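Asker: Please see the structure below; I have some questions.
The values are calculated or read from the model by the stated rules, or taken from the named source; none is laboratory data. These figures come from a predicted structure and were not determined experimentally. When we count neighbours, we look across all protein chains shown, and the Cβ atoms used for this are built from the backbone with ideal geometry, even at glycine.
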Amino acid sequence: MTACFDVKDRASEKEAARQEGFAKAVETNWNAPDGTQADLFLIEFNGAVGAADFVSGVSEATAAGAWPTRPLTELAGIPAGEAWSTGVVNDVGDFRQTAWFSVGNIAVDLHYFTPGRADSAGLTRLAKAQYARLVGHVTGASPVPVSSAFAPAPSGKATTATATAADKARLLHDLLAPPKGSRPWHETSSTGATGVLTLQQLLVRYAPLRPRASRS
């Protein structure tokens with residue numbers, strides 16, 4: 001799975017995500033009082049392999065398709081976490097940075113936009129806060145609880161099932177809260193309302209290289 005979700009490949013990507021055991025996804029985004037913006041996804045699979053494969057796909061797609069070409073960097077303090085920055089301002093004067101990692105069966109993808117200059121420290125702070133939130137919510141006998149909607153798959157194959165309301169509420173609760181005083185992005189056909197996403201909604205809204213919404 002490439003995790004690019006190009007329109008021309010959407011049908012095959014949808015099937016690939018199902019085969020990986022996609023369970024559900026949640027999204028939040030915000031305009032912070034300091035002028036920064038963020039778009040954050042948690043994507044849950046029915047096993048850690050699916051989440052790791054998704055994160056690997058994001059890494060490969062970013063390295064292959066990002067422009068201008070810049071090296072990926074490690075996210076300090078987050079196992080196997082990676083980040084990337086455009087290195088140039090976009091048409092609304094922002095630097096775009098992204099970070100991705102997985103915690104058990106949950107893949108995390110964070111898009112961060114800062115006016116005038118890159119802010120690697122700010123990106124890392126947000127990523128670490130989301131990582132800590134996930135780790136803090138999954139400590140105990142089982143490192144990461146798999147959704148109760150899923151039973152172990154025979155022969156290591158992914159299963160499909162409908163997540164319960166409790167499962168959805170748990171994943172929403174695991175999302176990092178926006179900074180105080182933030183406002184959600186203006187809804188458009190590409191951003192839509194945030195919250196729990198179906199696979200189809202994720203395919204439409206998620207794009208590792210999606211431009212930031214212009215200021216309004």
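Asker: Which of the residues spanning segment 113-123 are buried (at least 23 other Cβ atoms within 10 Å of the Cβ) and either aliphatic (A, V, I, L, M) or modelled with pLDDT of 95 or more (or both)?
Answerer: L123
Asker: Next up: Give the residues of segment 166-176 that are under 16 Å from H111 (Cα atoms) and out of contact with any Ser or Thr (no Cβ under 8 Å at 6 or more places or on another chain), sorted by residue number. Steps first, answer last, please.
Answerer: Keep residues of segment 166-176 that are under 16 Å from H111 (Cα atoms), which gives 175-176.
Scanning segment 166-176 gives no hits.
Asker: Looking only at segment 63-81, decide whether some residue is of a type outside the set (A, V, I, L, M, F, W, C), surrounded by fewer than 21 Cβ atoms within 10 Å (Cβ to Cβ) and within 21 Å of A17 (Cα to Cα). Working first, answer last.
Answerer: First pass over segment 63-81, keeping only residues of a type outside the set (A, V, I, L, M, F, W, C): 65, 68-71, 73-74, 77, 79, 81.
Now narrow it down to the ones that are surrounded by fewer than 21 Cβ atoms within 10 Å (Cβ to Cβ): 65, 68-71, 73-74, 77, 79.
Right, trim to within 21 Å of A17 (Cα to Cα) and you get 65.
Checked against the condition, which is being of a type outside the set (A, V, I, L, M, F, W, C), surrounded by fewer than 21 Cβ atoms within 10 Å (Cβ to Cβ) and within 21 Å of A17 (Cα to Cα), segment 63-81 yields at least one hit.
Residue-wise test of (1) in contact with a Leu (Cβ under 9 Å, 6 or more places away or on another chain); (2) closer than 18 Å to Y131 by Cα; (3) of a type in the set (V, I, T); (4) not in a helix (DSSP H, G or I).
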residue	(1), (2), (3), (4)
R18	yes, no, no, no
K24	yes, no, no, yes
A38	yes, yes, no, yes
I43	yes, yes, yes, yes
A52	no, yes, no, no
G77	no, yes, no, yes
D91	no, no, no, yes
F95	no, no, no, yes
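Asker: Give the residue that is surrounded by the most Cβ atoms within 10 Å (Cβ to Cβ), with candidates limited to residues of segment 3-46 that are of a type in the set (F, W, Y) and at pLDDT 90 or above.
Answerer: Kept after step one, since they are of a type in the set (F, W, Y), are these residues of segment 3-46: 5, 22, 30, 41, 45.
Still in the list and also at pLDDT 90 or above: 22, 30, 41, 45.
Numbers: F22: 24, W30: 20, F41: 21, F45: 27.
Residue satisfying both the conditions and the ranking: F45.
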